[in-house]
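Throughout, read-outs are computed from the coordinates displayed, never taken from laboratory work. No experiment lies behind these values; they were computed from the predicted model shown. Counting neighbours? That spans all protein chains shown, and the Cβs are built from the backbone with ideal geometry, glycine included.
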Amino acid sequence: MRKKLILSVVMVVLILLAPLSVAAGGGREAAADRPIELKLGHLSAETHPLHIATVHLKEYVEQATDGMVTIELYPASVLGGQSEMLEQTVIGSLEMVTIGSGPAAEYVPEYNAFALPFAFDDWLHYYRVLDDPQVQNHLREEAARNGLQYINCWDWGPRVVTNSVRPIRTPADMRGMKIRVPDEIDKVLLFREVGADPTPIPFPELYSALQTGVVDAQENPVSTVYHQGFYEVQDHVTVTNHVLGHVSLLVNKDVWDSLAPNVQQAITEGANQARGIMRELMQEEYEEALQGLRDNGMQVIELTDAEQQAWREVGSRVWPQMHDVAGGSDYVEWFLSRVEAAR
């Protein structure tokens with residue numbers, strides 16, 4: 001009698017808990033009809049095109065889901081540097097992140113192929129490679145193996161070099177110069193090749209490092225130089241365009257798989273629109289930011305074709321050194337064939 005009573009109680013408890021386990025399990029049906037809050041982190045200031053694009057993504061998703069899904073934005077590295085935010089996304093404490101190809105390569109080495117110095121002719125050539133379905137599918141598959149859902153790539157703009165020592169026109173002008181680089185192999189190898197001293201420093205510490213003379217120089221997209229106010233602590237900017245950068249929108253894979261199809265669709269559609277917005281803003285802002293640097297006292301140095309070619313020759317010497325960290329020789333050769341096909 002006592003055993004029957006205990007069994008009856010257990011059965012009742014299991015029946016009562018069953019609906020809760022379905023909801024807590026993150027099933028697609030449950031995700032479609034309960035409020036969901038997603039956190040998205042990025043490194044840029046709130047005036048930067050990246051933040052403007054994430055605001056559009058947030059508003060699109062919230063409207064498309066009638067407010068059932070909300071996205072909380074965490075700009076300006078308030079959650080840490082890019083590597084820290086990516087790690088948080090992998091473990092699931094942060095649901096979404098926009099991340100540069102360098103930090104992303106910590107989990108998906110193939111991202112480093114995008115950072116082969118001087119591999120691309122211009123913005124449009126770069127976009128054609130970014131949007132190549134074969135390239136996209138490969139990134140999506142590799143990201144999934146590492147607990148991440150790849151959504152798409154947003155523009156980050158061509159990178160330039162700034163410094164407070166002397167005008168830079170040729171690679172030799174950088175000899176002996178201490179330059180801050182992100183902890184990314186392509187930048188370390190490139191500036192080591194020209195005889196500079198590449199020094200990785202986390203982005204949130206960069207302004208202070210320039211201000212106090214810990215480093216003489218740094219490299220970043222023009223818009224980042226302008227929005228972060230580096231003109232206050234740097235004198236010269238050289239338009240090298242050594243790497244055309246992008247950020248990827250990544251989502252924790254378990255979180256993504258738990259979302260209802262209509263939510264996934266809303267995020268994808270909003271992200272595609274945000275990508276277009278950011279690309280347009282970055283191109284519009286490129287010249288505006290350069291002029292802003294001039295207006296704030298920086299000397300802007302635009303290279304001649306011959307000077308640009310000298311930099312390209314240095315960059316090409318770096319490519320073979322990156323094979324092992326960019327998915328292997330076979331992948332790099334395949335990637336470069338896609339680059340050539342996009343010309």
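Remarks
- Relative contact order of the stretch 58-124, taken over Cα pairs closer than 8 Å and 6 or more residues apart, is 17 percent.
- Pair-distance profile P(r), taking every C-alpha pair of the stretch 220-343, with 10 angstrom steps and integer %: 10, 25, 30, 26, 8, 1
- For the chain, the relative contact order is 26 percent, taking Cα pairs closer than 8 Å that sit 6 or more residues apart in sequence and dividing their mean separation by the residue count.
- Vicinal HN-Hα couplings computed from phi for the stretch 71-80 (Karplus, 6.51 cos²θ - 1.76 cosθ + 1.60; Hz; Gly/Pro x): 10, 9, 9, 10, x, 6, 6, 5, 9, x
- Neighbour net charge for Val78 - beta-carbon separation under 13 angstrom, K R +1, D E -1: -2
- Extended-chain gain in nm, criterion 0.36 nm per residue less alpha-carbon gap, Thr212 and Glu62: 49.7 nm
- For Leu38, the residues whose modelled amide H falls within less than 5 Å of its own, excluding neighbours fewer than 5 places apart on the same chain, are Thr70, Ile71, Glu72.
- Of all DSSP beta bridges confined to the stretch 28-341, the antiparallel ones make up roughly 55%.
- Packing around the peptides 170-176, 160-166, taken as the average count of other Cβ atoms within 10 Å per residue, puts them in this order, highest first: 160-166, 170-176.
- Evaluating 6.51 cos²θ - 1.76 cosθ + 1.60 at θ = phi - 60° for every residue in the stretch 146-155, the Karplus couplings come out as 10, x, 10, 9, 7, 9, 6, 10, 10, 6 Hz, glycine and proline recorded as x.
- Near the amide H of His242, within less than 5 Å, lie the amide hydrogens of Arg159, all on another chain or at least 5 residues away, with H placed in the peptide plane.
- Amide H partners (placed H, <5 Å) of Asp155, local residues excluded: Val247, Arg279
- Structure-derived Kirkwood radius over Cα pairs in Å: which label, when the choices are (1) 20.0; (2) 22.1; (3) 21.5: (3)
- Rounded to the nearest Hz, the phi-derived 3J(HN,Hα) couplings of the stretch 234-247 under the Karplus curve 6.51 cos²θ - 1.76 cosθ + 1.60 (θ = phi - 60°) are 9, 10, 10, 10, 10, 7, 7, 6, 5, 9, 9, x, 8, 10, where x marks glycine and proline.
- From most to least packed by mean Cβ count within 10 Å, the peptides 41-48, 267-274 give 41-48, 267-274.
- Peptides ranked, highest mean first, by Cβ atoms within 10 Å: ranges 139-145, 153-159, 294-300: 153-159, 139-145, 294-300
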